[in-house]
Structure formats: C-alpha cells, structure tokens
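The values are calculated or read from the model by the stated rules, or taken from the named source; none is laboratory data. In this text the structure is predicted, and so the values were computed from the model without any measurement.
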Amino acid sequence: MEPGSKAPGDGTEGDMDDILASIRRILHSDEAEASASDAAELPAEEVIDLHRSMRVDPEPAPVHPAAAEPVADLHQPQIAETVLPQAAGPSDLPAEPLLREGPASESAASLATLRAALAAQHPPAAEPSASVYRSGGLTIEDVVRDEVRELLRTWLDVHLPPMVERMVRAEIARISGTS
C-alpha cells in the first residue's frame with residue numbers, strides 16, 4: 001500500500017461524500033454531452049428518408065350541417081341496466097294458440113301418461129318460478145316471433161304428436177326397466 005492511501009474500511013464519511021459528488025459530476029457531464037451530440041447531428045445510418053406516400057394527412061375538420069331537420073328516431077331504445085320483472089298481461093298472450101286442438105290434446109295425453117309414470121316412482125319436485133322479463137318497445141325478437149308463428153304452428157301440428165308419443169314411450173320404458 002502507498003503511504004498516502006487509506007484502506008477501504010478506514011474511510012470517513014467525508015471520503016464517501018467526495019466519491020458520491022464525483023460520480024454525480026461525471027453523470028451530469030455525460031448527460032450534457034449526450035444531449036449536445038444528439039442535437040448537433042445524426043449519423044447517416046439514422047437519417048430517415050421520407051417519401052410522399054408515407055405522409056400522414058391530418059384529419060379533416062368535422063362538417064357541421066347548416067340546419068338540422070327533425071328525423072324520426074330509428075335507433076333501438078337503450079336497454080336499462082336493471083330489468084324489472086313484469087307479470088304477463090292479456091296483451092302479452094298471442095291472439096291464437098300456437099297449437100291446434102288435436103295435436104295439443106294428443107300431446108297433453110302423452111305427457112299425462114309420462115307424469116303418472118314419474119309420480120309413481122318419484123315424489124314431485126318443486127317447480128322454479130318463471131318470470132317474464134321485458135323492457136318496453138318492439139324488438140327484433142318480437143318481429144321474428146310474429147313472422148315465424150304460423151310456420152311453427154303448421155310444423156308442430158304435423159310433427160309434435162308422434163314425437164311426444166315416441167319420447168314418452170322411451171321414457172316410460174327407461175323408468176320401468178323394460179325395452
């Protein structure tokens with residue numbers, strides 16, 4: 001060791017302050033030199049050549065109509081975030097039933113047979129309460145429902161009774177254990 005130097009553990013608080021001040025001066029001078037050199041000139045490899053096709057046009061100013069005429073509100077009404085349940089009133093029920101009398105009675109008889117078979121083996125379960133949720137206004141679902149109602153009625157008249165009868169027989173066979 002040299003006669004004028006101190007061991008690393010022998011330093012005083014003043015020596016540490018000198019070292020920190022020296023580091024701060026070096027960092028500050030490096031930052032000043034870097035910002036001066038950046039502003040002075042860019043190297044040739046960092047120069048970007050812009051072409052006319054690369055130009056971004058500013059957004060056009062919005063056009064304001066001279067006089068706004070009242071226009072019918074064609075937008076769907078906003079749906080409220082909280083929908084309150086409403087009881088089904090007479091206006092919510094269809095004017096004609098969806099099923100004709102013949103297929104409806106055949107399906108009801110088949111379902112009654114199934115219900116009797118199930119009741120013999122299991123006690124009845126509590127039925128969940130059904131509520132109708134509806135916000136005011138005509139929706140696309142309402143329009144589609146009106147248009148498809150007659151097509152569905154015809155299809156159900158033809159296909160529902162045999163389908164229900166087949167399903168009831170299969171369910172009775174499954175419950176009773178016979179094939």
- If you go through the range 152-172 one residue at a time, do you hit one that is under 26 Å from ARG100 (Cα atoms), of a type in the set (Ser, Thr, Tyr), within 33 Å of the chain's Cα centre (by Cα) and at pLDDT below 90? no
- Message: Residues that are assigned to a loop (DSSP other than H, G, I, E, B) and at pLDDT 85 or above: does the range 139-151 have at least one?
- Response: yes
